[in-house]
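Here the structure is laid out as structure tokens; the discussion comes afterwards.
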Amino acid sequence: MIGSGSQAREVRRRQRAERRQWRREHRRPGPPGPYVLLPWLLLGLGAFSNLFQGDTPNPWIGGIGLFAFNSLYIAVVVRGFDKRARESRLTYVLLAALTAVTLGLAAGYGGSWLLFFPLLSLACGTVLRKQWLAVGLLVLAVAACVVAVWHKDSASTPWTLAYGTFISGAVTAALLTLSETVMELRSTRQELARAAVEKERLRFSRDLHDLLGHTISVIVVKSEAARRIAPHDMDQALQQVADIESVGRQALTEIREAVTGYREGSLATELDRARSALTAAGMEPTVRRSGPPLAPQTEALLGWVAREAVTNVLRHSAATACAFVIDGTSDRVRLTVTDDGRNPAAPPTPGIGGTGLKGLSERLAAAGGSLEAGPGPGGGFVVTAELPADASGTSDD
């Protein structure tokens, strides 16, 4: 029992050490907290000492001013590290009050009280930004120098006090701005990473929809053809079964390629498959092609269009014929797929209806092309895809 208790304590100790290590490794760098600026209040110890040693006239006024300065300084600094609070009107009111108290104490007492100017500059560095920061620090540095020259009893030379006042606020603002920029860049990088993941998920789901929808439609059509032919012509039925096996094997290969992201389509291959599937379904396919050779990326995109169009014809159309027309020029290429069916599932007006056509529309739009689908003027259904002749400069996704 003693050994078991020691082992349990050792396991808990290791778990705590692992959690601490994980927190150290995943700690997000960011702007420091407001407490890093609070120790600078020790610059006011000289004024505090003069107050208690009786070297300050009107000590009650000095004590109230010292309390007011410290309270306002802490409030302004704490609010300056919160962006929403920093930009509120209350913060600027508190900063103005801190400025008035600083000027009053420095002008009234001089000496060590002049060191409140650098502290006021630190507070300004946490609140002010851009041109307001530059103007505020310049005015504050000049005011510190003028008051120091007027009193002639500053703890340091007037020019040193003015320089320290200006540089204190400038360095504070620069460090905070840099830290906030780092945080924004980190947040942007995480957003981009999430967007990339979502984009890849969309690509993968779209590929699977196009691949499996077409393949299953072809398998169903060929299975029905084999069932109809088997009682009359067993050899022809076996040929249809062999085609089903070939389609299934090809689908497995394409799915593996889609998973690894290396699938390259071919318009010619898709047209050959379309002829076979349409013929097995009792439809008459025709293909007319003109124009120069197409770029590989354009071929791949048009291959996806042909695949999706044939899938829709097989699923939803009662057509007897389906025509593929490819017209190409040196600048643009167009693929038109037309069937003569009634297509009861088609939308009443031209548009992009199903999930597959919507996905294809996004693909083509990313490549500088367009996709239209809808009932034809003489009946049936028409799918028209248009692309640049060379879409290789654009990625599929």
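A few points about this structure:
- Residue that is nearest to ARG363 (Cα to Cα) [pool: residues in region 308-335 that are among the small types (Gly, Ala, Ser) and open to solvent by 70 Å² or more (accessible area, probe 1.4 Å)]: SER330
- Residue match in region 300-317 (condition: touching a Ser or Thr at 6+ places or on another chain (Cβ under 8 Å), in a strand (DSSP E or B) and at pLDDT 85 or above): no
- Residue selected from region 361-377 under the condition open to solvent by 50 Å² or more (accessible area, probe 1.4 Å) and out of contact with any Ser or Thr (no Cβ under 9 Å at 6 or more places or on another chain), by the criterion farthest from ALA306 (Cα to Cα): PRO377
- Pair list, Cβ under 7 Å, 6 or more apart: region 69-89 residue touching a residue at least 60 places away in the same chain (Cβ under 8 Å), other residue open to solvent by 10 Å² or more (accessible area, probe 1.4 Å) and of a type in the set (Val, Ile, Thr): none
- Evaluation of ARG249 against the conditions (1) exposed (fewer than 13 other Cβ atoms within 10 Å of the Cβ); (2) assigned to a helix (DSSP H, G or I); (3) at pLDDT 85 or above shows that the sole unmet condition is (3).
- Scan of region 53-94 for residues that are open to solvent by less than 70 Å² (accessible area, probe 1.4 Å) and either among the hydroxyl-bearing types (Ser, Thr, Tyr) or not assigned by the TED database to the domain that holds THR172 (or both), ordered by number: THR56, SER71, TYR73, SER88, THR91
- Any hit, region 298-307, residues being over 21 Å from GLY213 (Cα atoms) and open to solvent by 30 Å² or more (accessible area, probe 1.4 Å): no
- Among the residues making up region 256-271, those that are modelled with pLDDT of 70 or more, part of a helix (DSSP H, G or I) and under 38 Å from the mean Cα position of the chain (by Cα) are LEU267, ALA268, THR269, GLU270.
- Sole residue being hydrophobic (A, V, I, L, M, F, W, C) and free of Cβ contacts under 8 Å to residues at least 24 places away in the same chain, chosen from ALA251, ALA230, ALA173, ALA225: ALA230
- Only one entry of ARG334, ARG289 meets the criterion of being part of a strand (DSSP E or B), within 36 Å of the chain's Cα centre (by Cα), more than 23 Å from ILE244 (Cα to Cα) and not aromatic (Phe, Trp, Tyr), and that entry is ARG334.
The values are calculated or read from the model by the stated rules, or taken from the named source; none is laboratory data. What you are looking at is a predicted structure, and each value in this text was computed from that prediction instead of being measured. Ideal geometry is used to build each Cβ from the backbone, glycine not excepted, and the neighbour counts take in all protein chains shown. Note: accessible area is taken over every heavy atom of the protein model, side chains too, but ligands, DNA and RNA are not part of it. Shrake-Rupley method; radii C 1.70, N 1.55, O 1.52, S 1.80 Å.
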